[in-house]
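Here the structure is laid out as structure tokens; the discussion comes afterwards.
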Amino acid sequence: MAFSMLQLFLLGAFGPRLVDELGVSPTALGLTAAIGFATAAVLSPVGGRMVDRTGPRRSLVVLLLVSAAALALIGAAPGPGFLLAAVALGGLPQALANPATNKAILAAAPPARRGSMTGMKQSGVQLGAFAAGLPLAALAGGVGWRGAVWTAAAAAALCALWAHRALPADPSAKAAMVRASLVPRGAIAWLAVFSLFLGCAIASVNTYVALFGAQKLGMGPTSAAALVAVLGVAGIAGRVGWSKAARPGRAEWLPGALAAGAVAAACLLAAALYVPPLVWVAAVAVGVFAVSGNAVSMVLVMQRAAPGRAGQDSALVAAGFFAGFAVGPPLFGRLAEAGRYGPGWLLVAAEFAVAAAVATTWAVRERRRGPRAEVPA
């Protein structure tokens, strides 16, 4: 999970360096995220079917190898155009990540442990944020941002070798798979819409918080990148804790509550223009509330997925999340280009508020329908 999203966090953490060295404008920086996640959103439904058909080990090996290739190309990018193409390639690992890891948990873990295990594996995404914002950013200070990205590419290739040797063999690729519509329905549709607005807001924070610190708060490139690391550490704790708490009957209410907390976090980012130390509090709050909302939504998918469709349903919800990641940064980027970070963070707050409204409306509907048993693997 860390490698599937690492390019996003590297682009955010190295944003000030990319703006200075490659001539990437703030708007183009947002476009890089949009390209990668638009690719992931389009490929996610197909990726979910692939995982259901071929199994998690094969899918994870492909994910890591393609991640290594995409990171290597990002490190070699001579300008914005090449960078966009490399980021687009990185959309495939993002499309495979949730279906493959969710499928592996459903196959290996008893129902009572799936929530905590999902939180742990989802926290891998935030481990990637920490790696980009602290050790890789520190490495970039010594060997340059390209050397740091190439180091990450080598690590992804080594992890692919480990996954091939260490993970259990997949069932036969010809195993039957449930055929169903690629259009989400019922709870999956509600979670996909929630994830769309949540993704819009989170992606804007991930992509621009370091640039915000450098341009508006007077922070150096390394300390600004540390904001991404702080967000990552808080997200690890939040994802593990909230996912463990997401038991049937309670889990339905958590996405709305977490998105509501994220609204306050976005308002703190806006307030940091006047009280700069608040940016650190805001980064922690985004990790604890907003980032954790995605992990809880994956727990809900696993609780409700039809037998044989865990990969596909995970992919449909992930497609909504990635579509949000594609839409959010370009919208924010236009405001950042004009130096209007205050209205930008208020836009993020509004996106979180819509996500909270969608999730709460769905939870109320579910409560009226009565309790629902967890679907077995």
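When you look at A154, is it among the hydrophobic types (A, V, I, L, M, F, W, C), over 17 Å from the mean Cα position of the chain (by Cα), closer than 17 Å to P56 by Cβ and surrounded by fewer than 14 Cβ atoms within 10 Å (Cβ to Cβ), yes or no? The answer is no for A154.
When you go through L268, L258, L273, L331 one by one, which is the residue that is within 20 Å of L11 (Cα to Cα) and among the hydrophobic types (A, V, I, L, M, F, W, C)? Every option except L331 fails the conditions. A single member of L10, L96, L60 is in a helix (DSSP H, G or I) and under 29 Å from A224 (Cβ atoms), and it is L10. You will find that of G256, G333, G328, G324, the residue that is crowded, with 20+ Cβ neighbours inside 10 Å, under 21 Å from the mean Cα position of the chain (by Cα) and over 20 Å from A34 (Cβ atoms) is G256 and no other.
Taking G256, is it at pLDDT 90 or above and in a loop (DSSP other than H, G, I, E, B)? So G256 does not fit the description; no.
Results for (1) at pLDDT below 85; (2) surrounded by fewer than 22 Cβ atoms within 10 Å (Cβ to Cβ); (3) of a type in the set (A, V, I, L, M, F, W, C); (4) outside any helix (DSSP H, G or I), shown as yes or no for each residue.
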| residue | (1), (2), (3), (4) |
| --- | --- |
| V275 | no, yes, yes, yes |
| F289 | no, no, yes, no |
| L300 | no, no, yes, no |
| S314 | yes, no, no, no |
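Taken over the range 237-251, the residue count meeting the criterion of being surrounded by fewer than 23 Cβ atoms within 10 Å (Cβ to Cβ) and on the phi < 0 side of the Ramachandran plot is 9.
For the range 26-53, residues that are modelled with pLDDT of 80 or more, of a type in the set (S, T, Y) and out of contact with any Leu (no Cβ under 9 Å at 6 or more places or on another chain) total 0. Of all residues in the range 125-149, those satisfying the criterion of being surrounded by fewer than 18 Cβ atoms within 10 Å (Cβ to Cβ) and either more than 21 Å from the chain's Cα centre (by Cα) or more than 29 Å from D20 (Cα to Cα) (or both) are A138, L139, G141, G142, V143, G144, R146, G147.
The values are calculated or read from the model by the stated rules, or taken from the named source; none is laboratory data. The structure displayed is predicted, hence computed values, not measured ones. Counting neighbours? That spans all protein chains shown, and the Cβs are built from the backbone with ideal geometry, glycine included.
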